[in-house]
1. Can you tell which of B:Val71, B:Val134 is of a type outside the set (Gly, Ala, Ser), without any contact (Cβ under 8 Å) to a residue 40 or more places away in the chain and buried (at least 21 other Cβ atoms within 10 Å of the Cβ)?
2. Picking from B:Ala83, B:Ala79, B:Ala93, which residue would you name as being touching a residue at least 24 places away in the same chain (Cβ under 8 Å) and small (Gly, Ala, Ser)?
3. What single numbered condition from (1) more than 17 Å from the chain's Cα centre (by Cα); (2) in contact (Cβ under 8 Å) with a residue 60 or more places away in the chain fails to hold for A:Arg203?
4. Residues of segment A:74-93 being of a type in the set (A, V, I, L, M, F, W, C) and free of Cβ contacts under 8 Å to residues at least 12 places away in the same chain, which ones?
5. What helices (runs of 4 or more DSSP H), lying completely within segment B:82-173, carry at least 1 residues that are closer than 21 Å to B:Asn66 by Cβ?
6. Of the residues in segment B:96-120, how many are among the β-branched types (Val, Ile, Thr) and modelled with pLDDT under 90?
7. How many residues are surrounded by fewer than 17 Cβ atoms within 10 Å (Cβ to Cβ) and facing chain B (nearest Cβ under 10 Å) if we restrict to segment A:28-69?
8. Looking at B:Pro149, is it surrounded by fewer than 19 Cβ atoms within 10 Å (Cβ to Cβ) and either within 30 Å of A:Phe177 (Cβ to Cβ) or at pLDDT 95 or above (or both)?
Amino acid sequence: MGRDEFFFLLLGLKWTVALSAVGFVCGGIAGLGIALARTSGIRSIERITAGYIAVFQGTPLLMQLFVVYYGLALIGIRLDAWAAVSVGLTLHASAYLGEIWRGSIEAVPRGQTEAAKALALSYVWRMKNVILPQALRISLPATIGFLVQLIKGTSLASIVGFTELTRAGNIVSNQIFQPLTVFAVVGALYFLMCCPLTIYGARLERRFAASAR
Amino acid sequence: MNYTLDFTPVIDGLPDLLAACLGTFLLAISGMILAIIIGIGGVVLRQSRFKPVRWLVIAFIEIIRNTPFLVQIFFIYFALPLAGVRLDPTPTAIIALGINGGAYAIEIIRGGVQSISKGQVEAGLALGLHKAQVFRLIVLKPALRAIFPSLTSQFVLLTLSTSIASAISAYELTSVSQRIESDSFRSFEVYFTVTAFYLVISWLMMRLFAFFSARYFSYPVK
């Protein structure tokens with residue numbers, strides 16, 4: 001594998017990073033909404049969001065990308081592969097992050113909510129300044145774990161036809177007939193992205209477990 | 001919006017799709033069995049007296065957990081023939097699923113084994129049980145019980161990731177649906193239906209695990 005091929009892989013890597021970032025940021029914003037709706041205390045809204053989460057956690061990401069890709073075209077929204085995959089990953093991330101953050105919102109001791117209510121704090125104020133900062137801390141290891149899962153999940157965009165790292169690897173391997181070398185390098189690039197996150201997440205988890213004791 | 005939904009190709013392909021559901025189910029179950037074997041073997045090696053062996057297991061776990069399954073399956077697909085093993089796509093997919101699931105299973109099972117207190121093992125040995133009996137009855141079974149919930153969610157994820165095996169055209173639901181889609185061009189209808197099938201499959205998997213849990217692990221703790 002020459003320098004040109006490696007450079008082509010790096011171009012693909014750029015799109016993998018971009019996809020992961022868009023999916024995580026947009027999915028995070030939507031996921032926060034899901035988590036708040038899921039803990040809103042309004043029965044019907046909680047049911048609907050629970051169903052939303054169950055659907056996304058019970059079906060393969062690949063199918064979700066397919067359905068979004070062809071479904072958007074169906075309702076008249078013409079998007080290129082990049083935008084369609086971004087939407088798919090955003091929806092996927094919103095469900096998973098919503099569920100992670102629901103768990104951490106519920107893990108904040110009830111007394112905190114009661115105290116905030118007793119002080120007559122509004123819902124927005126209570127969430128923004130009392131509950132969510134604590135929930136965020138609790139959720140951090142799981143959130144980072146999901147980010148790793150999301151980065152790995154962007155590889156499925158290659159099957160829909162978007163040229164990110166894995167598809168770049170496919171293209172290069174078809175050109176130079178060295179699939180093992182190419183996929184070892186592709187795997188190493190993913191590893192370099194994910195491993196620091198995994199280590200950081202594990203360290204946070206250990207630290208929180210120690211401070212909880 | 002002037003598109004009319006047409007589910008005829010889906011209905012015509014229903015026998016194929018249902019057969020493929022079974023294919024997905026078998027792929028997932030075979031992958032899980034291999035994952036459990038690799039998981040238990042990995043835990044034993046992970047606690048080996050020799051440092052290099054422990055490092056190898058840790059390296060294996062971290063490499064698998066920090067790279068996408070799609071890349072792993074491509075790598076294995078191309079690596080096996082070079083190692084002199086010629087396999088069809090479906091067995092290749094089972095091996096890939098087993099290796100991927102196994103790496104996660106090692107960490108999960110290890111957590112369970114560590115939850116067994118040393119006194120239990122010593123008590124078992126003192127009662128004259130053989131080492132293998134102690135491992136099976138006093139370590140493995142209670143450990144499995146402790147980790148069953150996390151094992152369940154990991155294996156539901158494994159079931160869902162069988163769809164990625166379509167990339168090497170293993171026999172399962174996604175590859176069959178892709179064939180029907182390319183024959184009929186009814187992409188949305190096909191994938192929408194198949195998504196619903198996957199929802200049922202993962203629900204059934206969860207019921208199956210709940211059944212096993214009730215059947216084998218519902219003895220009192222103390």
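The values are calculated or read from the model by the stated rules, or taken from the named source; none is laboratory data. Just so you know, these numbers come straight off a predicted model, no measurement behind them. In this analysis, Cβ positions are derived from the backbone assuming ideal geometry, glycine residues included, and neighbour counts consider all displayed protein chains.
1. B:Val71
2. That would be B:Ala93, the only listed residue that is touching a residue at least 24 places away in the same chain (Cβ under 8 Å) and small (Gly, Ala, Ser).
3. (2)
4. A:Leu74, A:Ile75, A:Ile77, A:Leu79, A:Ala83
5. Where helices (runs of 4 or more DSSP H) fall fully within segment B:82-173 and carry at least 1 residues being closer than 21 Å to B:Asn66 by Cβ, they are B:89-114, B:141-161.
6. Residues meeting the conditions: 2.
7. Total satisfying the criteria: 2.
8. No: the conditions fail for B:Pro149.
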